[in-house]
Amino acid sequence: MPEQLLSREQPAIDSRAVSTNGHDASRDLTLADFIPKSEWTIDDAIETYNIDRWGLGYFGINDKGHVTISPAREAGATIDIMDVLKDAEEWNLRFPLVIRFQDLLRDRVMTLNKGFNDAIKETNYQGQYFGVFPIKVNQLREVVEEIEDAGKPFHYGLEAGSKPELFAALATHSDNEAVIICNGYKDTAFIRTALLGNKLGKKVIMIAEKVEEVKSIIEVGREIGVKPIIGVRIRLAAKSTGIWSTSGGESAKFGLSTMDLVEAIEYLQKEDSIDSLQLVHFHIGSQIPDILSIKRATREATRYYAKLVKMGLTGIQYIDVGGGLGVDYDGSRTSFHSSTNYTMEEYAADTVYNIMDVCDEESVPHPHIVSESGRAIVAHHSLLVVQVFGAIEKTKAEYDLSVKRSDHKWVKELQKILARMEQNPREALHDTLQIKDDSQNAFDLGILDLRTKAKIETFYWHIVEEIAALFKRREEDPNIEEEIPEEIADLTPHLADQYLCNFSVFQSLLDHWALGQIFPIMPVHRLNEQPIIHGTLVDITCDSDGKISKFADIKDVRTTLPLHPLVFNGATAGTPEPYYIGFFMTGAYQDIMGDLHNLFGRVNEAHVFLDPDEESGFYIEETIAGNSIAQVLELTQYHEKELVRRMKVQIDEAIKSDRLRPNEGMRMLSDYEKGLQDHTYLTFNGKG
């Protein structure tokens, strides 16, 4: 097990610079003290963004400074992400753009099944492994079909948690050796649909979440003449840690208590249907960061299985360990909520061993093992790429620090503070903060003019940057024992530039906004250049929460991201040359749970497959257009034809009153109609 790192509760002090000692740094540098490296290398870029740690062998950086992806890892080709973006543009796909690497899904399915099958073989475990993919994690048809196809050699099945998901699962499921697990609360229609699958020869197992569901399943089964297969979810005492810890424990939303379980068994025995009970199920949460939580829950649930078998319920064939297999979003390999302190192989081995150990201790048969891993299967396969179209700079590359005789006394005093700053930087900082506060109070009272206030702020930001740089140099001097003052640490996040990105956090990264989920984020090109700007990312919604100011790091949660200066050479005035940011490991939940805040709809998609016959090693197999303005308006009952009709009425009235010429009015109406078919996101230089 990896060594546990220090507490990650408090955000790190951030910087405009990249830490020169990488993984060994306990925190980031301050924003103002960047000291350029004499020679920037690709290895520096890899270390800066930790891509070798969270990338899991799928992602890397090539000599061009472009992010690469190896969907099959060492078994297949490596793709340059910029080549994919170039091909996507030829398909007329604007940004933001989701890129799906279908071969990566296959690799994840094979890795999970191999992990369990190897563990079963090594321990001489007597049961088999039957994994299922919970389609709630990503219900997109191409994703589900690719996973099913990859899982055929392993009899890999599906999990459905709602009626719509069950309808989809029944239609796509084609291997009657693979199971379909039905979770969630169920009504009569849900039960009937599941039993239809049993009638077709499928192994559809309905998980009872309460005693009443057991009764309903038996009653409906008798009505239509089908013997159901039932599983019972046990509400364990064991809990997980992290964001989703409330999914487990004795106050969990789903599952039967021990008293409920006994009542359900007595009912089944009374109805002569005890042989319908074939599975014991538990689930303690998504993205479980700590392997010890998994071990405890597995042993507790297996104890339930063993006691039931000893009670004479020998028809129980399966134990379902639920979901929760996490992924290491930040590369820290710890029990922090955005990481995991275990691998997929360790998860499989520990699950098999602990079930076997309890069963051997209780002298009961080894059951078949079912797991419902979703995040670990799909997270890595999806990449969101957005375009930066501008920046909001808190500080400037150059300051006007000239002082005239007519300038306010505070401006002159700040000039003196700057000159003597190195003698006592802490005192200089306090004096500067006082003048800043006094000037703001004077401005609020109306006794300070605008130009003076602007000059005071110019000096203020420059002095803060200089003091931060000075303290950092002292901190790095082995002959001086001095840490950066708390006042500077508190100010540095406010010094960060804000990069404006053409996307919506609410649509594409809902878990970040709602739950604080950390995703790996980095530029996908220019990585052979040193990123000398550290900033935050803001989206194009009109909501102050539409931002990202927490980033993955192996020691702490960063509050800024290393970025490159925007380039305006030859670009349209006000718009920089294309600069692309990648949001990695977004394949779990984000595709489905997106919100239509500000009516920003689904983004464009490109589905990529490896192909050795192609010059670039891949081809785009399918593209899916994002929502148009008309489509998202339709979802909120603004119907396209009615909107056009209303606009035409207003334009006709303007023509009749001579406010518009007829040709001008018709052009306006035509532009309005065409605009309704446009992408919901912004367009720059013909690109999204």
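The values are calculated or read from the model by the stated rules, or taken from the named source; none is laboratory data. Just so it is clear, the model here is predicted, and its values are computed rather than measured. As a convention, Cβ positions derive from the backbone with ideal geometry for all residues, glycine included, and neighbour counts pool all protein chains shown.
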(request) Assess whether ILE316 counts as being part of a loop (DSSP other than H, G, I, E, B), assigned by TED's automatic domain parsing to the domain that holds ILE234, more than 26 Å from the chain's Cα centre (by Cα) and more than 26 Å from VAL67 (Cβ to Cβ). (result) yes
(message) Checking the conditions here, which among ALA348, ALA306, ALA376 is assigned by TED's automatic domain parsing to the domain that holds ASP272, within 21 Å of GLU122 (Cα to Cα) and among the hydrophobic types (A, V, I, L, M, F, W, C)?
(response) ALA348
(request) Just name the residue that is surrounded by the most Cβ atoms within 10 Å (Cβ to Cβ) out of those in region 369-400 that are of a type in the set (Ser, Thr, Tyr) and at pLDDT below 95. (result) THR395
(request) Among what's in region 164-196 and is among the acidic types (Asp, Glu) and under 16 Å from ASP149 (Cβ atoms), pick the residue that is surrounded by the most Cβ atoms within 10 Å (Cβ to Cβ). (result) ASP175
(request) Taking the options PHE59, PHE95, PHE101, name whichever one is buried (at least 23 other Cβ atoms within 10 Å of the Cβ), among the aromatic types (Phe, Trp, Tyr) and farther than 26 Å from GLU345 by Cα. (result) PHE95
(message) Go through region 351-368 and report how many residues are within 34 Å of the chain's Cα centre (by Cα) and exposed (fewer than 14 other Cβ atoms within 10 Å of the Cβ).
(response) 0
(message) Among the residues of region 584-602, are any of a type outside the set (Lys, Arg) and over 30 Å from GLU634 (Cβ atoms)?
(response) yes
(message) Which condition from (1) farther than 23 Å from ILE81 by Cα; (2) outside any strand (DSSP E or B) is the one that GLN498 breaks?
(response) (2)
(request) Please determine, by comparing only the residues of region 458-514 that are hydroxyl-bearing (Ser, Thr, Tyr) and touching a helix residue (DSSP H, G or I) at 6+ places or on another chain (Cβ under 7 Å), which one is modelled with the lowest pLDDT. (result) THR492
(message) Exactly one condition in (1) without any contact (Cβ under 8 Å) to a residue 60 or more places away in the chain; (2) under 25 Å from GLU142 (Cα atoms); (3) of a type outside the set (D, E, K, R) is false for TYR672; which is it?
(response) (2)
(message) Pairs needed: first member in region 637-655, of a type in the set (Gly, Ala, Ser); second member anywhere, not in a helix (DSSP H, G or I); C-beta distance under 9 Å; at least 6 residues apart or different chains.
(response) ALA654/LEU660
(request) Give VAL232, VAL204, VAL211 a once-over and let me know the one that is buried (at least 18 other Cβ atoms within 10 Å of the Cβ), within 37 Å of the chain's Cα centre (by Cα), assigned by TED's automatic domain parsing to the domain that holds PHE167 and modelled with pLDDT under 95. (result) VAL211
(message) Taking the criterion of being among the polar types (S, T, N, Q) and under 29 Å from THR302 (Cβ atoms), would at least one residue in region 132-151 satisfy it?
(response) no
(message) Which of the numbered conditions does ILE120 fail, given that it passes all the others? Conditions: (1) buried (at least 23 other Cβ atoms within 10 Å of the Cβ); (2) at pLDDT 95 or above.
(response) (1)
(message) If the requirement is being in contact with a Ser or Thr (Cβ under 8 Å, 6 or more places away or on another chain), over 21 Å from ALA160 (Cβ atoms) and charged (D, E, K, R), which of these qualifies: ASP328, ASP272, ASP320?
(response) ASP328
(message) It is to be established whether one or more residues within region 339-355 are modelled with pLDDT under 95, closer than 30 Å to ASP272 by Cα and touching an Asp or Glu at 6+ places or on another chain (Cβ under 6 Å).
(response) no
(request) Output the number of residues of region 519-546 satisfying the condition of being more than 22 Å from MET82 (Cβ to Cβ), surrounded by fewer than 24 Cβ atoms within 10 Å (Cβ to Cβ) and of a type outside the set (Asp, Glu). (result) 7
(message) Quick test for you: out of GLU422, GLU427, pick the one residue that is of a type outside the set (S, T, N, Q), touching a residue at least 12 places away in the same chain (Cβ under 8 Å), assigned to a helix (DSSP H, G or I) and farther than 11 Å from TYR460 by Cβ.
(response) GLU422
(message) For region 402-420, check the following and say yes or no: at least one residue is within 30 Å of GLN287 (Cβ to Cβ) and at pLDDT 75 or above.
(response) no
(request) Specify the residue that is modelled with the highest pLDDT; the eligible residues are those in region 243-286 that are surrounded by fewer than 21 Cβ atoms within 10 Å (Cβ to Cβ) and at positive phi. (result) ASP272
(message) Scan region 660-668 and tell me whether some residue there is touching a residue at least 60 places away in the same chain (Cβ under 8 Å), small (Gly, Ala, Ser) and surrounded by 17 or more Cβ atoms within 10 Å (Cβ to Cβ).
(response) no
(message) Here's a check for you: in region 583-605, which residue that is assigned to a loop (DSSP other than H, G, I, E, B) and β-branched (Val, Ile, Thr) is nearest to PHE551 (Cα to Cα)?
(response) THR586
(message) Of all residues being surrounded by 23 or more Cβ atoms within 10 Å (Cβ to Cβ) and either under 17 Å from the mean Cα position of the chain (by Cα) or in a loop (DSSP other than H, G, I, E, B) (or both) in region 555-568, which is modelled with the lowest pLDDT? Just the residue, please.
(response) ASP556
(request) At least 1 residues that are of a type in the set (A, V, I, L, M, F, W, C) and closer than 25 Å to ASP260 by Cα in each: list the helices (runs of 4 or more DSSP H) lying fully within region 138-237 that qualify. (result) 188-199, 211-224
(request) May I ask you to list the residues in region 290-311 that are surrounded by 24 or more Cβ atoms within 10 Å (Cβ to Cβ) and either part of a loop (DSSP other than H, G, I, E, B) or of a type outside the set (S, T, N, Q) (or both)? (result) ILE294, ALA297, ALA301, TYR305
